[in-house]
Amino acid sequence: MGRRWVEALAGTLLLLSLQVQAQENQLDRIQLLRSESYRAVSIVLLSYNAFSRTLAPDRRDEYLGSLEKMAAVMGDPGLATLEDEFAEFAGAIRSLDENARDVALVSVNQALSAQAKLITAAGELYASRQTADSARKQRLHALSVANGQMLISYQMRPYGGLVLYPGLLLNEESLLALDGQITAGLELLRQDGMQPERDIDSMQRNYRYVRPKFFDAQKEFAAYVVDHYLGQNMERLDAFAGRL
C-alpha cells in the first residue's frame, strides 16, 4: 500500500513537472512569434521607399525567414487560437513581397495593423500560460518586447506620420517610457546575476550606442544600425529565457 502510494505520488509529480515544462515551452514559442514579427516589420520598414512605392529586395530573405520560423512554431496545438492573426500577418507580409515593385502605403499600414493584432492576441495567450515559476522568463520576454517596440518606433520615424501602428505613439513621453523600461530591465538583469556579466555588458553597450538616436532628431537616421543592435539584444534575451 505504502509503495503504491509513493509510486502514484511520484507519477503525479512527474506529470505536473511535464505540464509545467510544456507551459514554459509554449511561452518561448509565443515569444518567438512576437520577436520575429517585430523583426519582419522592422526589415519591411527600412526596405520601403514611400516615394518610389517599392520594397528593396536585398533583405527579403530576412522577413521571409522570420515568417518561416513563425510558421514552424504555429504547429504547436497550444497556439491554435493565434492561427487567424498569424495568417493575416503572414498574408500581409507575403503580399508586400509579391508586389515589391508597387507597394502602396496603405499596404504597409495593413501589415503593421496585422502585426499589432498578432502581438495583442499573443500577449493574451501568453498571460494565460504564465505561472509564478516562470517569473524570470517573463521578465526577459517583456524586456525583449520593449526592445521590439522601440525598434518599430524608430523605423517609423522617417515616414512623418504616414506609417501608422495601432497603440504605438511616436512622442517623447512614449519613447521615455520604453527607454526607462529597457534601461532598468538591463540593470535588473545585472543585479539578478543569472546571466554572464559579459553578455549583460554587451547588451548595455548595444543599447547605449543606439539610444541617442531615439531622442536627437538631428542625428543621421540609422535604420540598419538600430535594427542590428536592438535585434541582437532581442535574440540574446529570448535565448536567455529559453534556457530557464
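Bear in mind these aren't lab numbers, they're just calculated from the coordinates by the rules spelled out. Owing to the predicted nature of the structure, the values given are computational and were not obtained by experimental measurement. Please note: Cβ atoms are built from the backbone with ideal geometry, for glycine as well, and neighbour counts cover all protein chains shown.
Observations on the model:
- Each Lys or Arg adds one and each Asp or Glu takes one away; over the other residues whose Cβ falls under 12 Å from the Cβ of residue 47, this sums to -3.
- Placing a label point 7 Å from the Cα of residue 50 along the Cα-to-Cβ direction, the residues of the stretch 200-244 whose backbone N falls under 16 Å of that point are 221-223.
- The Cβ shell under 13 Å around residue 239 holds other residues with a net charge of -1, Lys and Arg each +1, Asp and Glu each -1.
- Ranked 63, 224, criterion: other C-beta atoms within 10 Å, fewest first: 224, 63
- Using a cutoff of 8 angstrom between alpha carbon atoms and counting only pairs six or more residues apart, the relative contact order for the chain works out to 25 percent.
- Couplings 3J(HN,Hα) of the stretch 37-43, computed from phi: 5, 5, 5, 4, 5, 4, 5 Hz, in residue order, whole Hz [Karplus 6.51 cos²θ - 1.76 cosθ + 1.60, θ = phi - 60°; x for Gly and Pro].
- Residue order for 86, 215, fewest other beta carbons within 10 angstrom first, comes to 215, 86.
- If you run the Gaussian network model on the chain, springs between alpha carbon atoms under 10 Å, then out of 142, 80, 71 the most flexible one is 80.
- Average 1/r across all pairs of distinct alpha carbons in the stretch 128-186, invert it, and you get the Kirkwood radius: 12.8 Å.
- With 27 Å as the limit, the listed pairs 117/137; 69/117; 117/219 have 117/219 beyond it between alpha carbons.
- Taking amide H as placed 1.01 Å from N in the peptide plane, residue 54 has its amide H under 5 Å from the amide H of 49, 103, each at least 5 places away in sequence or on another chain.
- In units of the rule-of-thumb radius 2.2 N^0.38 Å, the stretch 73-220 shows an alpha carbon radius of gyration of 1.19.
- Here the 3J(HN,Hα) profile of the stretch 104-110, calculated from phi with Karplus coefficients 6.51, -1.76 and 1.60 at θ = phi - 60°, is 6, 4, 4, 5, 5, 5, 5 Hz, Gly and Pro shown as x.
- Considering all different alpha carbon pairs of the stretch 180-244, the Kirkwood hydrodynamic radius works out to 12.6 Å.
- Ranked list, fewest to most other Cβ atoms within 10 Å of each Cβ, for 221, 51, 89, 240: 51, 221, 240, 89
- With the simple model of a label 7 Å out from the Cα in the direction of the Cβ, residue 222 to residue 68 spans 3.1 nm.
- If you take the Cα centroid of the stretch 22-56 and the Cα centroid of the stretch 166-221, the two points sit 19 Å apart.
- Applying the Karplus relation 6.51 cos²θ - 1.76 cosθ + 1.60 with θ = phi - 60° to the stretch 205-211 yields 3J(HN,Hα) values of 4, 4, 6, 4, 5, 8, 3 Hz, where x marks Gly and Pro.
- Mean Cβ count within 10 Å, highest first, over the residues of peptides 192-200, 225-233, 177-185: 225-233, 177-185, 192-200
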